[in-house]
């Protein structure tokens, strides 16, 4: 696929078919993340590819959190619904904060690096004919997920779901380019 076509075709997928995403496709997506630029070449990313049981358990944890917090206005229930139809789920972590780099000066550069890696993942998914969605609602139950997966020394950044997309919603209108310039 042409690079401009990949960028212009990237949309957040929230509903997926039941077609299987292969381990080879997941490996290509992760390899794309690993070649992203990173501040001082720290490469702060770590990935946990969930099996079906783990994915479903986290989905149920999100549904349960939503039931226990009815007054909270969040998208947690919607995120759980998205996970339900996704074929694969990856948890994305940073190795900088909880272990070796507690210095505040590392946070922003490493967050930017992680964003680059995640965008590479999203673009590779499109290139492979897949859809993806970045899930930040996992942070509502960050400690519970980390305990369940046995993750101790890494900071959870987000979840990332992948599958063959069913786009059943309109494309969002983007801001005009001239409105984004400060000068």
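None of the figures in this text is laboratory data; all of them are computed from the coordinates on show. Treat the numbers as computed from the prediction; the structure is a model and nothing was measured. Positions of Cβ are generated from backbone atoms using ideal geometry, with glycine treated the same way; all protein chains shown enter the neighbour counts.
Between residue 10 and residue 153, what's the calculated FRET efficiency when r is the beta-carbon distance and R0 is 41 Å? Round to 0.05.
Working: r = 32 Å, r/R0 = 0.78.
For R0 = 41 Å, the calculated efficiency reads 0.80.
Within the set [x] 24, 23, 18; [y] 30, 21, 12; [z] 34, 24, 14, the number that semi-axes √(5λ) of the Cα gyration tensor in Å takes when calculated for this structure is listed as [x]. Note on residue 2 and residue 68: with the Förster distance fixed at 41 Å, the Cβ-Cβ geometry gives a FRET efficiency of about 0.30.
Note on the chain: GNM, Cα springs under 10 Å; of 39, 125, 86, the largest mean-square fluctuation is that of 39.
Given 0.36 nm per residue, what is the gain on full extension from residue 51 to residue 139 after removing their alpha carbon distance, in nm? Intermediate results must be reported in sequence, preceding the final value.
Working: separation 88, 0.36 × 88 = 31.68 nm, distance 1.95 nm.
Full extension from residue 51 to residue 139 adds 29.7 nm.
The relative contact order of the chain comes to 36 percent, based on Cα pairs under 8 Å that sit 6 or more residues apart. Return the single residue from 152, 87, 69 with maximal mean-square fluctuation; model: Gaussian network over the chain, springs between Cα atoms under 10 Å. So, out of 152, 87, 69, the one fluctuating most is 69. In the chain, the calculated helix contribution to ellipticity at 222 nm averages -13000 deg cm²/dmol per residue, counting -39,500 (n - 2.57) for every DSSP H run with n ≥ 4.
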